[in-house]
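Here's the structure, in structure tokens; my notes come after.
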Amino acid sequence: MKIPHACWQGDFRSAFIFPLKGVLIVTDHYYTNRPDLPHDERSFTFSLRGYSLRFTTDAGVFSRERIDFGSVLLIETMHIDETAEVLDVGCGYGPLGLFAAKLAPRGRVTMVDVNERAVRLARRNAEQNGIANVEVLTSDLYAAVADRSFDVILTNPPIRAGKEIVHRIFVEGHALLRSGGEMWVVIQKKQGAPSAYKKLREVYAEVEEAERKKGYSIFRAKK
């Protein structure tokens, strides 16, 4: 399997805001809403799994120059049934969720992100690619979908948000998966893959490393 070379240009997904002993800390990395950030739109086309999709990106979203290598590896590796109900957590401008929607033409994909700019871009990218079996929601982790259930959860987790947030994605996602459902995770070894694997093993009935390439691991965790 040949994976296109990835480059990490542009901004991370967004800033991240979290409480620590009653103090609000802001870092310029990931996973919150920055609607006042100046716009700098880019567009590119990317082909994977037999589909070619056009993406519009902007400042304040993760990997705006092109789809990052980890996401490419996850898209190439993930197993999506054509009728699957899929959740993409931290969807950004939409690469994981939109390719999943193409793989599940008789299913449905829900995409969530706390970053409103990313959500708007994901909706726009779905529309410009004619993908109708998707719903994109502004959500702090699983808040907007807490009453739903899914066959598959996909995530390229916001590592720079911290281990606590990443582990919440694993643990809280388990509750939303149907019996036999799967979470697919991409994570870089130097950014905590061994720790992520250990946590997934604590929560899920079955965990395997489905793929490893260039320091990135794809984990499949089955409920």
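We did not get these values from a lab; they are worked out from the coordinates using the rules stated. Everything quoted here is computed from the prediction, not taken from an experiment. Note that we place each Cβ from the backbone using ideal geometry, even for glycine, and neighbour counts take in every protein chain shown.
Details
- Annotation for Arg54 and Lys214: the two label points, set 7 Å from Cα along the Cα-Cβ direction, are 2.6 nm apart.
- Cα Rg over Rh - the range 16-222, Kirkwood: 0.93
- Gain in span if fully extended, Gln191 to Ala175, counting 0.36 nm per residue against the direct Cα distance: 3.2 nm
- Our estimate of slack between Asp40 and Glu82, defined as 0.36 nm per intervening residue step minus the Cα-Cα distance, is 11.6 nm.
- Amide H within-cut-off set for Phe150, under 5 Å, with H built and near neighbours excluded: Leu177, Arg178
- Estimated translational D of the range 160-208 in µm²/s (Stokes, Kirkwood radius over Cα pairs; 4 °C; 1.567 mPa s): 115
- Over 24 Å (Cα to Cα) - which of Lys198/Lys223; Lys189/Lys222; Lys163/Lys189; Lys102/Lys190 fall in this group: Lys102/Lys190
- The range 16-222 - charge dipole about Cα centre, Lys and Arg +1 at Cβ, Asp and Glu -1, debye rounded to 20: 480
- Amide H contacts of Leu141 (H built 1.01 Å from N, under 5 Å, at least 5 apart or other chain): Val114
- Packing-based ranking of 117-127, 162-172, 87-97 yields 87-97, 117-127, 162-172, ordered from highest to lowest mean Cβ neighbour count within 10 Å.
- The range 207-223 and the range 167-204: distance between their alpha carbon centers, rounded to Å: 10
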